Amino acid sequence: MSRMTTTSLTVNGKRQTVTALPDTPLLWVLREDLKLTGTKFGCGVGQCGACMVHVDGKSVFSCLLPVSQMNGRSITTIEGLSPDSTHKLQKAWIAEQVPQCGYCQSGQIMRAADLLKTNAHPTRDQIVEHMSTNICRCGTYARIVRAVERAAKEQV
């Protein structure tokens, strides 16, 4: 029988303490305990990217990370990317009309933000390669690439 554990982490700049089973995926703690529902459940096995968040500044599949490994870590969700949705990627997503159903978009944007943080001016091939971890069932890949390219042209 598993015992509940308490984990302290920083989510979107705010210190949080959560109590959960040690193997509870970070995704469920974010959605159920902290009510940050922008991060989506897609496949549960780290193959679709709908659950993408940043942990200590790097994009990760939150469905694969046990909350017990998050003690002292810093997590950023789509809600923390920009408090008023004015991040250059969010604006580019709208300008390029990327979403259809929109389900994968928070994960797509978080993955793209990771790319632009490490490579401010990626080539088209670098964008495609970096974004290959995320699936869009609606097939808006060309729009996603254009949005990342647009955001890369924007000044911070």
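We did not get these values from a lab; they are worked out from the coordinates using the rules stated. Bear in mind the structure is a predicted one, so any value in this text is a computation, not a measurement. In this analysis, Cβ positions are derived from the backbone assuming ideal geometry, glycine residues included, and neighbour counts consider all displayed protein chains.
Some notes on this structure:
- Amide H contacts of LEU21 (H built 1.01 Å from N, under 5 Å, at least 5 apart or other chain): THR5
- Shape class for region 1-80, computed from the alpha carbon gyration tensor (a ≥ b ≥ c): oblate, with a/c not under 1.5 and a/b at or below b/c.
- Listed residues ILE135, ILE109, ALA92: farthest to the positive end of the dipole of region 88-153 (Cβ charges): ALA92
- The phi-based Karplus calculation (6.51 cos²θ - 1.76 cosθ + 1.60; θ = phi - 60°) puts the 3J(HN,Hα) values of region 14-29 at 10, 5, 10, 10, 10, 10, 7, 4, x, 8, 5, x, 3, 3, 6, 5 Hz, whole numbers, x for Gly and Pro.
- Spatially close lysines, pair count over the chain: Cα under 19 Å, gap of eight or more or interchain: 10
- For region 85-135, the dipole from Cβ point charges (+1 on Lys and Arg, -1 on Asp and Glu) about the Cα centre works out to 160 debye, to the nearest 20.
- Exposure proxy order (Cβ contacts within 10 Å, fewest to most) of GLU79, GLU129: GLU129, GLU79
- Here the relative contact order of the chain, from alpha carbon pairs under 8 Å that lie six or more residues apart, stands at 24 percent.
- Protection proxy ranking for 71-77, 141-147, using the average of other Cβ atoms within 10 Å per residue and placing the highest first: 141-147, 71-77.
- Ratio of Rg to Rh for the chain: 0.98 [Cα atoms; Kirkwood radius as inverse mean 1/r over pairs].
- Compared with the alpha-carbon gap, the fully stretched path from GLU149 to SER74 is longer by 24.3 nm at 0.36 nm per residue.
- Note on the chain: with charges restricted to the Cβ of Lys and Arg (+1) and Asp and Glu (-1), its dipole about the Cα centre is near 140 debye.
- Relative to one another, the C-alpha centroids of region 123-156 and region 63-99 are positioned 15 Å apart.
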